[in-house]
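Peer 1: Let me give you the structure first, and then I'll get to my questions.
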Amino acid sequence: MPHRLEHRELRIVDWSTLITLLRVAHVGRFPNRSFGKDLQLIIIYGAVILAFLEGRKPTIASIARYLQLPHETTRRYLKTVVDLGLLTKDGRSYKPTERSRKGVTGAGKIERLLRQAGRELYL
C-alpha cells in the first residue's frame, strides 16, 4: 500500500517545488535580475508562453484576465519582457522571440525537481 503524505508534508513538497521551479525558470530567462522583484514578471511571461503553446493569441487583456491583474500592470510587465528580448508584439498579441524558444538554462534541474516531487508525493 502506498505511503500517504501528511497534509503538512504535502504542503512542504508543493511549496518547495513551486518556489524552486519559479527560481530556476527565472534564472534561465532573467539572469542577473532579482527573483523577488521579478516574481510578477516571470508569472506574466509564463502565462504568455502557456497561451502561445496552447494555440491562443496572448493579449494584454487575456493575460490580465487569466492572472486577475490590472490591465495597466500587465501592460507594463509585458513591455519589460519585450524590452528584455523574450517576447515580441504581433499586432495586439505577443509571441516568444527566438531567444525564448531556445532551451531554458537549468531545464535538466527542472525535470529532476518534478521527478523528485512526484516521487515524494506518491511514496
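The values are calculated or read from the model by the stated rules, or taken from the named source; none is laboratory data. It should be emphasised that the depicted structure is a prediction, and the values quoted were computed from it without experimental measurement. Cβ atoms come from the backbone with ideal geometry, glycine included; neighbour counts cover every protein chain shown. Remember, those area values only see protein heavy atoms, side chains included, never the ligands or the DNA or RNA. Shrake-Rupley method; radii C 1.70, N 1.55, O 1.52, S 1.80 Å.
Peer 1: Where residues in the stretch 12-71 are small (Gly, Ala, Ser) and within 14 Å of the chain's Cα centre (by Cα), which of them is surrounded by the fewest Cβ atoms within 10 Å (Cβ to Cβ)?
Peer 2: Applying the first criterion (small (Gly, Ala, Ser)) to the stretch 12-71 yields 16, 25, 28, 34, 36, 46-47, 51, 55, 61-62, 64.
Still in the running and within 14 Å of the chain's Cα centre (by Cα): 25, 28, 36, 46-47, 51.
Values: 25: 21, 28: 17, 36: 7, 46: 15, 47: 20, 51: 19.
Filtering first and then ranking leaves 36.
Peer 1: Here is a follow-up. What are the residues in the stretch 14-62 that are touching a residue at least 12 places away in the same chain (Cβ under 8 Å), within 17 Å of residue 97 (Cα to Cα) and of a type in the set (Lys, Arg), if any?
Peer 2: 29, 57
Peer 1: Ok, one more. So, in the stretch 72-119, how many residues would count as being open to solvent by 90 Å² or more (accessible area, probe 1.4 Å), at pLDDT 95 or above and not charged (D, E, K, R)? Outline the logic, then answer.
Peer 2: Let us first name the residues in the stretch 72-119 that are open to solvent by 90 Å² or more (accessible area, probe 1.4 Å), namely 76, 79, 83, 89, 92, 98-99, 101-102, 105, 109, 111-112, 114-115, 119.
Checking which are at pLDDT 95 or above leaves us with 76, 79, 83, 89, 92.
Then keep just the ones that are not charged (D, E, K, R); that gives none.
The number of residues fulfilling the criteria is 0.
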